[in-house]
Each structure stands twice: as structure tokens, then as C-alpha cells.
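Some notes on the structure that comes next.
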Amino acid sequence: MNPFALVALSACAAAMIGAAAAYFVRVRMPRPPVGVYAASDIAFLSVGVVVAPLLYLSLSGAAVSAVFGLVLGLAVQFTLAPVCGGRWAWAPALAATAVTAAFAFADRPVAVRVCTDLLLVVAVVGVANLWAQSGMRPVHVAAFAAVLTGYDLVATTLTRVTLDFATQVQGRPFAPMFALTGGDRPVAIGLGDLLLLVLFPLVATRAFGRRAGLLAASVGVGVTGVVSALFAVGALTAGFPLLTLLGPLIVAQHLVWTRRYGGERRTVDWRAGTPVRARPRDEQALPAAELTAALAVPVPDGSPEGTWFAVGEGRVLATGPTPGQARRAAGRQAPEVPVVIRMV
Amino acid sequence: MFGTALSQLRYGMAILRNRRIRPQDLERIARDLVATLAEFGEPGADSALLPGQSGQAAQIDPEVRGTVTRRSLRATARSAVRHTAYYHRIFGELGLDPDGLDAESYARVPVTPKKALRSMPTAFVSSAAVPALMALTTGTSGAPTAVWYSRAELDTTIALSTISAALGLGLRPRHTLAYAGCSRATLPLLNAAESATRVGASFVQFGTVDPAIALDRLAAPLGLPGKAPQITHLTASASYLAALVELAERGGWRAADFGLESIGVGGEVLSEPLSRRAEAAFGAPVSTSYLMTETLPSGATPCPAGHLHHTSEFGHLEVLDPLTWEQAAPGAIGMIVHTPYVPYRECTLLLRYATGDLVRLPDSVPSCELAHMPATSAILGRWTGPLSAVLPTRSVLDLIEAEPEVPLPARYVLTGDTDSGVLLHVLVRSLPAAGLLGRLEDRATAAGLPLAGIVLHDDRADLPPTAPVRADLREHTFESVRAADIPTGSGI
């Protein structure tokens, strides 16, 4: 394999992650009025990923190209729509799809590959952002990666599904693989690998912060680099399922960050710029300090039974015959002090 | 995502085909809305298209809307005739065919008076339904009206209330809602408690206890983890709110003593002056909406232009002259006559139900943001005879509740008639009150109220009998905030 192309592949992966991150920060994608990701959504996606190649294998190569052409065209449209408006986004989406198809009819394989790669890049940036901005959680990405890892192992190493599918779409327009070279052994990454490579850094950034996002991106590029290096030195020769390495690392990162923070940052907090904070686990949740302090404040001698005390800053601020009146008196004296009410 | 979409699809199909709604679908939509708000802080695009929100009608072509109305009316009438004794008999006697009804011929269906439902609620209960809860109105105008609801209707109504609490009221988990309505009003109480807690907010049932106790609870700190320091939302009837305002103003309370962010009023006419005084006393905006036990889940929402916009999703609205039952003319006062649709309702079925609530139709076609929904004025009052349309409750309350010398809730009564002259009797704090009387007379004249005179009383025993208000439904407790002998002090 061409070593320069292998190096370029890792660079392209890094550039795609960077492009998706820039889009993530600057562009807000529309989402439906109601709906968050649930386990059933991941199950649905996983079933789709497993079943789709089997269906494609029963179709002709041209039909598969048509299906992917449609999917990529739509993906490019909804990726560009928030940037330039829904109607205007149709123009580049249709133009890019039409040009790619025209090159295919003109038998210009390099041009077809370049156009398809460009369409794929935009589509992957869009889909990854759609999922990340729609609230897909790290646990969902980890579960999806785990399922795909298992599937990839079976489909690539134990059966011929991936190989047959790759052979079917190789060299065709809109092929679901980012390819830098052609031929029998192209330097390429499959669409599924690419999607998780780009998706997890976005989701990790949103849920666990910038450091987690950078680590996820580094891990993704590193895995791509290591696999490329193994191809370059001849340790690997046939198609290698990238997710068998990347998937477990995504799961591991998710577990590490979840363990560290005890939870994750919500989208609303990420948009507000709220830093990620470790959340105490249920068993570690301590009583509020002001409540404990209020219990420790000594009751003044001679206080009639039934007196309500408004306690704040470790002292009795006011008293009253009812909680409301004690609070009112305390509020007049120290309006900013949080008050706890206690009766004797 | 896919599950929510599927639930929305199933819900939409049930509505289009007038088939039974699966409460689980609405519950799923409501639950996912709450999860969406927790994740994103706000709903996504087009949230006005969610069930019960105001945007659906705006998206529908008028011709399609007409078809949907016709189909809904026919389905509702068909169910009512087939399964309820009252409409089975009425339609049989008149030879009406429910399958031949449209928006025009629907006017041939006789209006159902409130008295018919009150006298025999079971005649309106569908033989195909499983009644689960008898919801009673408060009955301030006489005997309470009983309306039976099935379990599925309750689930549907609660899910719609949850959506409304999250989107309309803006309720969030940090909030605490206090319900100061009558504890025997089971349905609104159930709806308020369920919807608030499903949103993640906390809920406190006050009941209509001594207003001094309620005021104290509003001021008391909560000290709960993850919650605002004090109660943030209050729901009350207008007269009970008036009692709270009276105590707050006269008891030296300030808005800063409370943590209220929103006050919702329902069940009675809320006058403009009372709304303003409540906002000043509690430092929170006051809003009102229109819902009634008999016609749930139909309701109406006010708009900034002063209209009351009635949802056309859950029922059919007519505004009729209360004497002739003809369609009220633009600018005229009429009574709300409502038909709640099947499949939202399946237990107590009502066709052209005379609610007794008076409104005025707009003079011209509204151009406000909710113009796609049928518009009326705010509720003017309750129909008790021709005088109630000439001098509706709202016009009198707008006049007298602006005066601090009139104790709240305002007690008044109209005597006489328009031929011999109408006298307005008002309870005031003390007499003589020449200045107050002069102001009231001037303002009544300016407002064009056809009053022959105003009589002030400082003793309720001298006042002719007044109509009861919801604040009179006092619930007793063993607490007392008035007789306490513990002094208030500070700085220990």
C-alpha cells in the first residue's frame, strides 16, 4: 500500500474531526420538538447497520449507488441547511450528486472518488453533528460502538459480508467508504468507522468537557495511524475492521469519564458554557450544610415552645409565631442570606 | 426518538380517524417532552404543534379543518346517540341522524342545559365506557354538577396537562407549585398534582384554608435540595387570590417576602384591578386560562390583545344568544356552548352543552398571534338572567376591586331591573365614604354601566344576600396564625 496515502488517511481523519468540531461549536442544527435518544434508538440503528449490507448484497451495484447517492445528497442538504438556508442547501447537494454521477458516466474514476469523498465528509460531519446535537449520550455511542465492534468482527473476519460488499461498491460513485486510492487494495475507511471516529469526540466534548473531546479525537486519530502503520510495514494486508480497536477504546473512555464525573453534562449546560463537575453518587450525597448547621445552632434560653427560628449563617436571624413570619423578619434583616426554619 | 415519533404518529392517526386514543401515546409524548426539556432546556422547533398547543390549527388548511370538524361532530354525536340515554331519546324524538350532521345542521341539535346534566348525570354516561371518577363542580351557583370520567380520559387529560404545565406554565424541576383550590375539586387537584410532579416540580396542596395560613406557607422557606427557596407557583381561584391580596396588603407583607414567579387563576372572573394588585403584592405575573370540569380537555388561552382563544382541537365552540340560542352577532354578548369531542371524551358525552359562561364576540376578525383560533372576550360572568348580560360580573368587579376601601374578595349584589333601575350594593370597610362613592359613580358612568345608583354598606348583615364565591369554601385546619402569642423578633 502507498505509505503516503496511509499517512494522508490519518491526516484526513484528523481534519474531519476538526471540521465536525468547528461545525459543532458554530452551527446549531434543528431538532424535533420532543425526543431524546433512548436505548431503543440505538437498537434500531444497530439493526439497520447489520441488515443493510445484507440487503445491499441482493441489489445490483448500480442500485446500491443510487441508494447511497440519495442518502448522501439528503445528508449534504441537511448539513448545509442551517448554514445557508434549507432551499439554498439543495443547490450544492444536488449539484455535487449530479457531478459525481456525471463523472461516473464519463468513466473518470479519480474524479468519482474525489467527489464521493467530499460528499462523504460533509455527510459524516452532518450526521455526527445531528446525533451529537440531538442529545445522543456517550453511553449510547459506547453501546453502538460495542455492537458495531462485534458485528465488524463477524462481518469482516468470520464471514465475507464486508469483503463482498466492498467489492460490490468499490470504484462506484457514492460508495460508503472514504478512499484515497483505488485498485484492489484501496487506502480507505468505511463509513461506519468514520462516523464513530468523528461522533465520539463531539459527544465526549459535550458530556465530559474539552479534555475528554481532545482525548477521544487523539485516540481516534491514533488508532487510524497505528492501523495505517501496520499496513505500511506489511503486518496487515487484507481489510482490517478498524472498530475492533476503536470500539473498545470508546467504551473504555466512556467508563473512565463516567466513573470520574459520576454523570455527564447536559446539552443545555454545554451550550451555557457550564463546566463539567463531578456529581456525587447517591450514596455520597450529603445533607445540605445549612440544614446541618441550623440543627447545631443553640436555642436561646427562654424561647416559648412553638417559636419558629429563622436560621442563617450559623445564627438565629429572627423568630416568629409561624415559619412565614419568622422568614419575613429574617428577610427584612438579611435579605440575601438563605434561611432555614426550625421550631422549638 | 423513534419511540416518540411512533407515539405521535399513533396519536395523530387516532385523531384523524376519530378512534380511541391510547393514553400511553400521550403519556409517552409528555414524558419525552420533560426529558427533552431536561436535556436541552427548551423544546425543539415547532413545539406549538404538540397536542393541546396552539399551533396545530394554524398549520391546517381551512377546508381540511372544516372536514375534521364535521367528522368530529358526527363521531361525537354518533357515540352520544348510540350510548347515552339522553341523546338517544332526543335524537329519536326529533328524527335527527348523527351521520348527516355538519357544522350548519348541527344547530338543529337542541342545546343541552346545565340543569339536564345536573339533574341526571348518568343519562349522559356512555354505556360503552367504564366510569372511574366522579368529578364534581364546586356548585357556587347552586347544586354541584357531576361529571363521570373514565380512567383513560383521566390519563389523557393528565398527559395533556403535563405538556401544558411544561410549555404553557413553564414549570421546571426547581419549581414548587401550591394549589389553593378546593380540595374536593378532585379533577383539577389530580391534574395539578400529577402534571407538576411529572414535570419534576414539587407540589403542595393548600386547599382553601384560612388565607392567613396560605400566605404564611407561601412565605416560609422550603429548604429542599434542588428546589427554589420558596414556593414559586400558585394556583387559586380569583376570590381566594383576592383574599390573599387583602391580607398581604393590610398585613404589611412585601413582594420580597415571597418567592413567587407565577400566579395562575381559574374558575372565576379575574378583574384587571385584582390582577394588578396581586402582581404588586406578590411580585409575580398573574395569568388566567379557561377550563371547566364538564368540557375538559377543551379550554381557552388569553392573548396579549385581550382575546380568549378557544382550542378547536378538543371540541366545538359556539357562542349563542342565551335567550334565543341563535348565533351571537359580532360585538354581542353570548354564552359559550361547547361540544367536547370523541375520542378525547368517552364517558360523559355532551352535545352543545350550555356552560353558562358569558363572553362577547369580537367586532372584527382578530389579527393577533392566535388569530387562527376562535376568539372571544375574556369570560364576562355567569348567565343568571338578562341583567347578567347587561351588567356582567366583570364590569362590576373592574369597578369595585380597583378601590382599596372595598374589602377583598369584593361583596356586592345588584338589585332591581333595567326597567325600574339597577342598584349596586357594595360592602365597604367603613362609612361614611363619600369620596369612594363619588369615585365609583364617576367611574361607573365613564364605563357606561347602566346603574341607577350605588349603595355602600359597612355591615355585611345589612347587605342584601350576595352570591357565594369560591373563597367561601373554607377548609378548616387545626393551625392558627392569628391567635399565636409568640412575638415576632429579630437579631438574636
Each residue of B:219-228 has, on average, a number of other protein chain C-beta atoms within 10 Å of its C-beta equal to 5
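Is the shape of chain A rounded, prolate or oblate, going by the alpha carbon gyration tensor and its root eigenvalues a ≥ b ≥ c, with a/c under 1.5 for rounded and a/b larger than b/c for prolate? List each step's numbers first, then the result.
Numbers: a/c = 3.41, a/b = 2.58, b/c = 1.32.
Here chain A falls in the prolate category.
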Shielding of A:327-334 by other chains, given as the mean Cβ count within 10 Å, works out to 6
Chain A, Gaussian network, Cα under 10 Å: of A:G213, A:G190, A:G306, the residue fluctuating most is A:G306
Pseudo-spin-label distance A:A102 to A:Q284, built 7 Å along Cα→Cβ, given in nm, is 6.1 nm
So, with points 7 Å from each Cα along the Cβ direction, the A:A11-A:A91 label distance in nm works out to 3.2 nm
Residues other than B:L177 with Cβ under 13 Å of its Cβ, Lys/Arg counted +1 and Asp/Glu -1, net out at +3
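Sort B:E104, B:E441 by Cβ crowding within 10 Å, fewest neighbours at the top.
Working: B:E104 8, B:E441 16.
Least crowded to most crowded, the residues run B:E104, B:E441.
Using 0.36 nm per residue of separation minus the Cα-Cα distance, give me the extension gain between B:E405 and B:D442 in nm, one decimal. Each step should come with its number before you reach the end.
Details: separation 37, 0.36 × 37 = 13.32 nm, distance 1.59 nm.
Once the chain is fully extended between B:E405 and B:D442, it gains 11.7 nm.
Efficiency by 1/(1 + (r/R0)^6): what FRET value for A:R260 and B:V365, r their Cβ-Cβ distance, R0 = 60 Å, to the nearest 0.05? Could you put the intermediate results ahead of the total?
Details: r = 61 Å, r/R0 = 1.01.
Given R0 = 60 Å and the Cβ-Cβ separation, E is 0.50.
Under a point-charge model restricted to the Cβ atoms of Lys and Arg (+1) and Asp and Glu (-1), what is the dipole moment magnitude of chain B relative to its Cα centre, in debye to the nearest 20?
Values: 42 positive and 49 negative charges, 287 e Å.
For this selection, approximately 1380 debye.
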The FRET efficiency for B:A85 and B:R17, from their Cβ-Cβ distance with R0 = 30 Å and rounded to 0.05, is 0.65
Here, A:F44 and B:D459, labelled 7 Å along Cα→Cβ, have an inter-label distance in nm of 7.4 nm
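Sorted by packing (mean other beta-carbon atoms within 10 Å per residue), highest first, where do A:216-228, B:406-418 land? Walk me through the numbers before you get to the answer.
Working: A:216-228: 20.8, B:406-418: 19.2.
Packing order, densest peptide first, comes out as A:216-228, B:406-418.
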Chain A, Gaussian network, Cα under 10 Å: of A:Q133, A:Q168, A:Q333, the residue fluctuating most is A:Q333
Quick calc, A:E336 & A:R211: beta-carbon distance into FRET formula, R0 30 Å, rounding 0.05, result 0.30
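Sort A:320-329, B:255-264 by packing, meaning the average of other beta carbons within 10 Å per residue, with the highest value first. Don't jump to the answer; show the numbers that get you there.
Working: A:320-329: 25.5, B:255-264: 20.4.
Ranking, from highest mean packing down: A:320-329, B:255-264.
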Rg/Rh of chain B (Cα atoms, Kirkwood Rh), to two decimals, equals 0.97
Along region A:89-103, Karplus-curve 3J(HN,Hα) (6.51, -1.76, 1.60; θ = phi - 60°) to the nearest Hz, with x for Gly and Pro, reads 5, 5, 4, x, 5, 5, 4, 5, 5, 5, 4, 4, 5, 5, 4
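Assuming a viscosity of 1.002 mPa s and a temperature of 20 °C, what translational diffusion coefficient in µm² per second does Stokes-Einstein assign to the protein assembly as shown, Rh being the Kirkwood radius over Cα pairs?
Numbers: Rh = 31.5 Å.
Answer from the Stokes-Einstein relation: 68 µm²/s.
For every other residue with a beta carbon closer than 15 angstrom to the beta carbon of B:A116, add +1 if it is Lys or Arg and -1 if Asp or Glu, then tell me the sum. Don't skip to the answer; put the middle values down first.
Details: positive: B:R89, B:K114, B:K115, B:R118, B:R352; negative: B:E93, B:E294.
Net of charged neighbours comes to +3.
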From the Cα centre of region A:150-184 to that of region B:75-120, the distance in Å is 67 Å
In a Gaussian network model of chain A with springs linking alpha carbons closer than 10 Å, the residue among A:T237, A:T159, A:T292 that fluctuates most is A:T292
Taking only the alpha carbons of region B:169-290, the radius of gyration and the largest Cα-Cα distance, Dmax, both in angstrom, are 13.2, 37
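Is region B:386-466 rounded, prolate or oblate when judged by the Cα gyration tensor, a ≥ b ≥ c being the square roots of its eigenvalues, rounded requiring a/c under 1.5 and prolate requiring a/b larger than b/c? Walk me through the numbers before you get to the answer.
Values: a/c = 1.59, a/b = 1.31, b/c = 1.21.
Judged from the Cα gyration tensor, region B:386-466 comes out prolate (a/c at least 1.5, a/b above b/c).
Laboratory data are not the source of any read-out in this text; all were calculated from the coordinates shown. Remember, it's a predicted structure, so these values are computed and weren't measured experimentally. Heads up, the Cβs are rebuilt from the backbone with ideal geometry, glycines too, and the neighbour counts pull from every protein chain shown.
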